[in-house]
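**Q** Take this structure, written in structure tokens, and hold onto it; I'll ask about it next.
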Amino acid sequence: MHLINRHPDRPTRLLLVILPFALLLCAYFFGSAQRLADNPNDKLLPSAVQMTDAVKRMAFSEDKRSGGYVLWQDTASSLRRLAIGLGVSAVVGLCLGIAAGTLPLFGAPLSPLLVVLSMVPPLAILPILFIVFGLGELSKVMLIVIGITPILARDLEQRAREIPVELLIKAQTLGASTWALILRVVLPQLLPRLLISLRLVLGSAWLFLIAAEAIASEDGLGYRIFLVRRYLAMDVILPYVVWITLLAWLMDWGLKQLTRRAFPWYEGARS
Amino acid sequence: MRKPLLSALLAAGIALLVSLPSNAAAKTDFNVCWTIYAGWMPWEYAQAQGIVDKWAKKYGIHIKVTQLNDYVESINQYTAGQFDGCTMTNMDALTIPAAGGVDSTALLVSDFSNGNDGIVIKGNGKTVADLKGMNVNLVELSVSHYLLARALDSVDLQEKDLKVINTSDADISAAFNTDAVQAVTTWNPMLADIKAKPGVTEVFDSSKIPGEIIDMMVVNTQTLKDNPALGKALTGAWFEVVALMGSQSAAGEAALEHMAKASGTDLAGFKAQLATTQLFRTPQQMLDFVNSPELPKTMDKVSGFSFEHGLLGQAAKDSSAIGMRFAHEVTRGDKGNLKLRFDPGYVQMAVDGKL
């Protein structure tokens, strides 16, 4: 049988799914044990016990200095910034995308501008962002917004252009105005696409969030990682990285479920 | 049909794990790293002009001197074992390698900050007491943070009387230009930049706590013990460059010019930075500093600050968790856990002309 035609059965598939993760964990704990045998105070590859202790300290015991639970405070601050950033970007990106994709008069100035803006690396213009938006919450949210809005807008513009012309003409012969056409034809078509685009830019949004928190902040997941990096506390950093990965994965999964529930016709129409 | 595939993968994985590298003891090739800072620019010159190579050759070894762009990362790399030596401050030597169980020796205590770190507040005629209730931007848990704590001590304020906002050193100059930022604590060259703005006051600087923020070349203790040649070559190269810098000759000026260029400033700017850096010009000066009874007292303050801020690790029960050893067999902290050593032996050789 050709390799291309060989499919794993259920138990084998499960095994194959787990295998790479298990190998990675094995490699990690093997290296960790080796380093800790050489030097019991080694901080680079902490053991599971050390990381569990750190998690207990960060998540389930009150911080001596601030009296709060550090991990949850950091998570709340970061998620709030991320939610505001993603929310604003989604709304602005959707409006720009629809305007540029359906109305030629708007598309002419907007399209090239969006292309250029989406190429500007936001991290390179950080000093300008600080001077314009200050160092507070606003600049952190704005970094996310500036980073992902042009990408969302460009994607949605493209999707709006892909709506069959026949559909738009039909709506007009039935008496739809431009406004009604956007609201009743274009917008419903683009909403599921917006959710999918959001899933794709989640990674970038996290990147910008952590960069913003690393530069000037007093709380947040990125702030904590860059702070404890100063004394190589990998026992804190690694659980934080796992936690961020889990949060990002949950958000991705949530958006996927939302797409499926809110727009069941979308996937059906494509298959 | 499926089993061979699986077992092959498992075998490959195990082979990968077993082939992880192990350490060797005796060696002739060494790696040290440094980062850009006025007091460490002699390493750049020593590397570029072949002075390190010359001394290494004399003792039959090879030393590669690498410049890294990120200070904290350079110390982390040293702690992880990628480098045999690295430039760092006394506080970072205690809280990163020593607290991480890497027994480290301060081979060359090359200078102390004498105005190179400072606290600046916007507005004229401000004092340290004005910091009360303010937001202060600084690199948290760095020597800036220590300087702030010492400044607050001087007016009986505490850290909880103000709010510290962690700000990266690369962005602190830009941050100071925004209205939201009222006070910063930082070091040169950013400090010079910020101080030069109109309508600001420098309320405290490191010249008020002389000898407490120390810059050093730190070497792995075990490596140094096994290979004294490394210590001798680095010490010899260092004092050759420092002597040249202070020689007032044309060659000395050329060396300063070279270092100024490499640190991204001009000769005048570099000299201004050196003026606030108390560089030990002769082996005797360095030896006196390392032998002085003030050094253990300073390190007591530093370990107290580090413990209060959780920098000595979660296992630390008090500020004596990490043992430190000084000249004349003086020790501080846990004698069973000596991880930071100030060793005057190699400087003594330089004083005696035995290098």
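The values are calculated or read from the model by the stated rules, or taken from the named source; none is laboratory data. Quick caveat: nothing in here was measured; it's all calculated off a predicted structure. We place every Cβ from the backbone using ideal geometry, glycine too, and count neighbours over all the protein chains shown.
**Q** Name every residue in segment B:329-346 that is in contact with a helix residue (DSSP H, G or I) (Cβ under 7 Å, 6 or more places away or on another chain) and outside any helix (DSSP H, G or I), in order of residue number. Full working, then the answer.
**A** The first filter runs over segment B:329-346 and keeps only residues in contact with a helix residue (DSSP H, G or I) (Cβ under 7 Å, 6 or more places away or on another chain), leaving B:330, B:332-333, B:339-342, B:344, B:346.
B:V330, B:R332, B:G333, B:K339, B:L340, B:R341, B:F342, B:P344 - these are the residues of segment B:329-346 that are in contact with a helix residue (DSSP H, G or I) (Cβ under 7 Å, 6 or more places away or on another chain) and outside any helix (DSSP H, G or I).
**Q** How many residues are in contact (Cβ under 8 Å) with a residue 12 or more places away in the chain and part of a helix (DSSP H, G or I) if we restrict to segment A:237-265? Spell out how you get there, then give the answer.
**A** Start the filter on segment A:237-265 by keeping residues that are in contact (Cβ under 8 Å) with a residue 12 or more places away in the chain, which leaves A:237-241, A:243-244, A:247-248, A:251-252, A:255-256, A:258-259, A:262-263.
Those left that are additionally part of a helix (DSSP H, G or I): A:237-241, A:243-244, A:247-248, A:251-252, A:255-256, A:258-259, A:262.
Number satisfying all stated conditions: 16.
**Q** Looking at segment B:290-301, is at least one residue under 25 Å from B:A237 (Cβ atoms) and either among the aromatic types (F, W, Y) or buried (at least 18 other Cβ atoms within 10 Å of the Cβ) (or both)?
**A** Yes, some residue in segment B:290-301 is under 25 Å from B:A237 (Cβ atoms) and either among the aromatic types (F, W, Y) or buried (at least 18 other Cβ atoms within 10 Å of the Cβ) (or both).
**Q** Follow-up. Kindly provide the set of residues from segment A:92-109 that are free of Cβ contacts under 8 Å to residues at least 24 places away in the same chain and either touching a Pro at 6+ places or on another chain (Cβ under 7 Å) or surrounded by 14 or more Cβ atoms within 10 Å (Cβ to Cβ) (or both), ordered by number. Write out each step before concluding.
**A** Within segment A:92-109, the subset free of Cβ contacts under 8 Å to residues at least 24 places away in the same chain is A:95, A:99, A:104-106, A:108-109.
Across segment A:92-109, the qualifying residues are A:A99, A:F106.
**Q** Suppose we keep only residues that are surrounded by 22 or more Cβ atoms within 10 Å (Cβ to Cβ) and of a type in the set (S, T, N, Q) within segment B:204-220. Which one would you say is farthest from B:T127 (Cα to Cα)?
**A** B:N220
**Q** Go through the residues of segment B:161-171 one by one and say whether even a single one is touching a Lys or Arg at 6+ places or on another chain (Cβ under 6 Å), surrounded by fewer than 18 Cβ atoms within 10 Å (Cβ to Cβ) and not assigned by TED's automatic domain parsing to the domain that holds B:Y78. Outline the logic, then answer.
**A** Here is the first cut: in segment B:161-171, the ones touching a Lys or Arg at 6+ places or on another chain (Cβ under 6 Å) are B:161.
Checking the rest, the ones that are also surrounded by fewer than 18 Cβ atoms within 10 Å (Cβ to Cβ) come to B:161.
Applying the additional criterion that residues be not assigned by TED's automatic domain parsing to the domain that holds B:Y78 yields B:161.
Within segment B:161-171, one or more residues are touching a Lys or Arg at 6+ places or on another chain (Cβ under 6 Å), surrounded by fewer than 18 Cβ atoms within 10 Å (Cβ to Cβ) and not assigned by TED's automatic domain parsing to the domain that holds B:Y78.
**Q** Condition (residue is outside any strand (DSSP E or B), in contact with a Phe, Trp or Tyr (Cβ under 7 Å, 6 or more places away or on another chain), farther than 16 Å from B:V203 by Cβ and acidic (D, E)) applied to segment B:75-94: is it met by at least one residue?
**A** Of all residues in segment B:75-94, those outside any strand (DSSP E or B) come to B:75-84, B:90-94.
Narrowing the set further to residues that are in contact with a Phe, Trp or Tyr (Cβ under 7 Å, 6 or more places away or on another chain) leaves B:77, B:84, B:91.
Of the ones still in play, those that are also farther than 16 Å from B:V203 by Cβ are B:77, B:84, B:91.
In the following step, the residues that additionally are acidic (D, E) were identified as B:84.
So far as segment B:75-94 goes, yes, one or more of its residues are outside any strand (DSSP E or B), in contact with a Phe, Trp or Tyr (Cβ under 7 Å, 6 or more places away or on another chain), farther than 16 Å from B:V203 by Cβ and acidic (D, E).
**Q** Still on this structure, I have one more. With respect to A:L79, is the statement that it is of a type in the set (A, V, I, L, M, F, W, C) and farther than 30 Å from B:S173 by Cβ true? Steps first, please.
**A** Values: of a type in the set (A, V, I, L, M, F, W, C): yes; farther than 30 Å from B:S173 by Cβ: yes.
Yes; evaluated as a whole, the condition is true for this residue.
**Q** Filter segment B:136-172 down to the residues that are of a type in the set (S, T, Y), part of a helix (DSSP H, G or I) and more than 11 Å from B:D117 (Cβ to Cβ) and list them by number.
**A** The first filter runs over segment B:136-172 and keeps only residues of a type in the set (S, T, Y), leaving B:142, B:144, B:146, B:154, B:167-168.
Within this subset, residues satisfying the condition of being part of a helix (DSSP H, G or I) are B:144, B:146, B:154.
B:S154 - this is the single residue of segment B:136-172 that is of a type in the set (S, T, Y), part of a helix (DSSP H, G or I) and more than 11 Å from B:D117 (Cβ to Cβ).
**Q** Is it fair to say B:D266 is free of Cβ contacts under 8 Å to residues at least 60 places away in the same chain, surrounded by fewer than 19 Cβ atoms within 10 Å (Cβ to Cβ) and touching a helix residue (DSSP H, G or I) at 6+ places or on another chain (Cβ under 6 Å)? Don't jump to the end; show me each part of the working.
**A** Working: free of Cβ contacts under 8 Å to residues at least 60 places away in the same chain: yes; surrounded by fewer than 19 Cβ atoms within 10 Å (Cβ to Cβ): yes; touching a helix residue (DSSP H, G or I) at 6+ places or on another chain (Cβ under 6 Å): yes.
So B:D266 passes the test.
**Q** A further question follows. Just to be sure I understand the filter: pairs with C-beta atoms under 9 Å, separated by 6 or more residues or on different chains, first member in segment B:153-181 and within 18 Å of A:R224 (Cβ to Cβ), second member modelled with pLDDT under 90 and hydroxyl-bearing (S, T, Y). Which pairs pass?
**A** B:I165/A:S217; B:N166/A:S217; B:T167/A:S217
**Q** Considering only residues that are at the interface with chain B (Cβ under 9 Å from one of its Cβ atoms), part of a helix (DSSP H, G or I) and hydroxyl-bearing (S, T, Y), look in segment A:192-236 and name the one that is surrounded by the fewest Cβ atoms within 10 Å (Cβ to Cβ).
**A** Out of the qualifying residues, it is A:Y223.
**Q** Which condition does A:D74 not pass, out of (1) of a type outside the set (A, V, I, L, M, F, W, C); (2) touching a residue at least 40 places away in the same chain (Cβ under 8 Å); (3) in a loop (DSSP other than H, G, I, E, B), if it passes all the others?
**A** Here A:D74 clears every test but (3).
**Q** Of the residues in segment A:1-14, how many are in contact with a helix residue (DSSP H, G or I) (Cβ under 7 Å, 6 or more places away or on another chain) and part of a helix (DSSP H, G or I)? Before you say what the answer is, go through the steps one by one.
**A** To start, the set of residues in segment A:1-14 that are in contact with a helix residue (DSSP H, G or I) (Cβ under 7 Å, 6 or more places away or on another chain) comprises A:8, A:12.
Checking which are part of a helix (DSSP H, G or I) leaves us with A:12.
Adding up the residues that qualify gives 1.
**Q** Quick one: which of A:I144, A:I131 is within 14 Å of another protein chain (Cβ to nearest Cβ), aliphatic (A, V, I, L, M) and in a helix (DSSP H, G or I)? Let's see the steps before the verdict.
**A** Values: A:I144 fails: within 14 Å of another protein chain (Cβ to nearest Cβ).
That would be A:I131, the only listed residue that is within 14 Å of another protein chain (Cβ to nearest Cβ), aliphatic (A, V, I, L, M) and in a helix (DSSP H, G or I).
**Q** Look through segment B:115-160, keep the residues that are within 13 Å of chain A (Cβ to nearest Cβ) and of a type in the set (S, T, Y), and return whichever of them is surrounded by the most Cβ atoms within 10 Å (Cβ to Cβ).
**A** B:S144
**Q** Also, I was wondering about something else. Pick out the one residue from A:S89, A:S61 that is more than 29 Å from A:R184 (Cβ to Cβ) and either in contact with a Leu (Cβ under 8 Å, 6 or more places away or on another chain) or within 14 Å of another protein chain (Cβ to nearest Cβ) (or both).
**A** Working: A:S89 fails: more than 29 Å from A:R184 (Cβ to Cβ).
Of the residues listed, the single one that is more than 29 Å from A:R184 (Cβ to Cβ) and either in contact with a Leu (Cβ under 8 Å, 6 or more places away or on another chain) or within 14 Å of another protein chain (Cβ to nearest Cβ) (or both) is A:S61.
**Q** Of the residues that sit in segment A:13-51 and are more than 10 Å from chain B (Cβ to nearest Cβ) and in contact (Cβ under 8 Å) with a residue 24 or more places away in the chain, which one is farthest from the chain's Cα centre (by Cα)?
**A** So the residue we want is A:P46.
**Q** Can you give me the ranges of the helices (runs of 4 or more DSSP H) entirely in segment B:1-70 with at least 2 residues that are within 14 Å of chain A (Cβ to nearest Cβ) and at pLDDT below 95?
**A** Values: elements: B:2-18, B:41-48, B:51-58.
Ranges flagged: B:2-18.
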